[in-house]
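Only the coordinates and a few stated rules stand behind these numbers; no lab work does. Values in this document were obtained by computation on a predicted structure and should not be read as measured data. All Cβ positions, glycine included, derive from the backbone under ideal geometry; neighbour counts span all protein chains shown.
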Amino acid sequence: MIPIKALVAGGRNIAGIPRRPEPPDAQPVPRPDRPRLPDTRLPTAAQSAGDWTVAVGIHHMNPKSDNGRLAEGTLPLSISGSTRPTIALEYFVRDRLGIELLAAAPFRHDLAVAGLGHIGSTRHLPPTLSLQYHFAPQARVAPFLGVGLNYTTFFEEETRGALAGAKLALDDSWGLALHAGIDIQAGPGKLRLDARWMDIESDVRLDGVKLGTTRIDPLVYGASYVITF
């Protein structure tokens, strides 16, 4: 009879059946590195405290329909619209809260009086300083509102027709300005669609004599592209 120890030592179990060799320690199978997909998300042009933005665009200035009356109310005055390039620089004093300065190429307007036709033209610059609140600057569509002060200076007044040869002058104006718009994510910057209302009122003088007051009070609307830096 074969001793048990001999069977075990000989690689057999008690029943005399050969024992299966123990498998070596299992090793993890290395997985090939997965290729990283490029990040296709658009960068967000968020505005935070300390940021600057510049907006370059084009805007149309549309004066209100009733622009006042001259010569003691006997001559209704009308002023034409004008379209010019604009630029706005904004500094964010706090997250979402910015101070904006608007500038533009000089707007040109024709002046007409009922019964007399075109009587002249003028150019003006309307720099406007506004405090603006951006509701969701990181969203793809971000609305904002602003309120500020407009200064309008008139120059290069010319006369024609019934007033040809006379000296026309419009006084400078200070007034309230309101601003509203949306910023739409577009590439590295934002497309801005906006509108402003400006309180512009000026005394009209002919050869130094006041003829009356014109109220332009235009709606200024247009589009621009905004970059944050």
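Hey, could you check segment 47-96 for residues that are touching a Phe, Trp or Tyr at 6+ places or on another chain (Cβ under 6 Å) and of a type in the set (Gly, Ala, Ser) and say which is farthest from residue 124 (Cα to Cα)? Top of the filtered list is 49.
Of all residues in segment 82-126, those satisfying the criterion of being assigned to a loop (DSSP other than H, G, I, E, B) and farther than 18 Å from residue 175 by Cβ are 95, 96, 105, 106, 114, 115, 116. When residue 139 is tested against the conditions (1) surrounded by 15 or more Cβ atoms within 10 Å (Cβ to Cβ); (2) among the aliphatic types (A, V, I, L, M); (3) closer than 24 Å to residue 174 by Cβ, the lone failure is (3). Taken together, 222, 208, 189, 212 contain a single residue that is closer than 30 Å to residue 158 by Cα, under 13 Å from the mean Cα position of the chain (by Cα) and not acidic (Asp, Glu), which is 222. Applying the condition of being surrounded by 14 or more Cβ atoms within 10 Å (Cβ to Cβ) and not in a strand (DSSP E or B) to segment 65-76 and asking which residue is farthest from the chain's Cα centre (by Cα) yields 68.
Applying the set (1) assigned to a strand (DSSP E or B); (2) surrounded by 16 or more Cβ atoms within 10 Å (Cβ to Cβ); (3) not β-branched (Val, Ile, Thr) to residue 129 leaves exactly one unmet item: (2). For residue 79, the test of being among the hydrophobic types (A, V, I, L, M, F, W, C), closer than 30 Å to residue 143 by Cβ and surrounded by 14 or more Cβ atoms within 10 Å (Cβ to Cβ) is failed.
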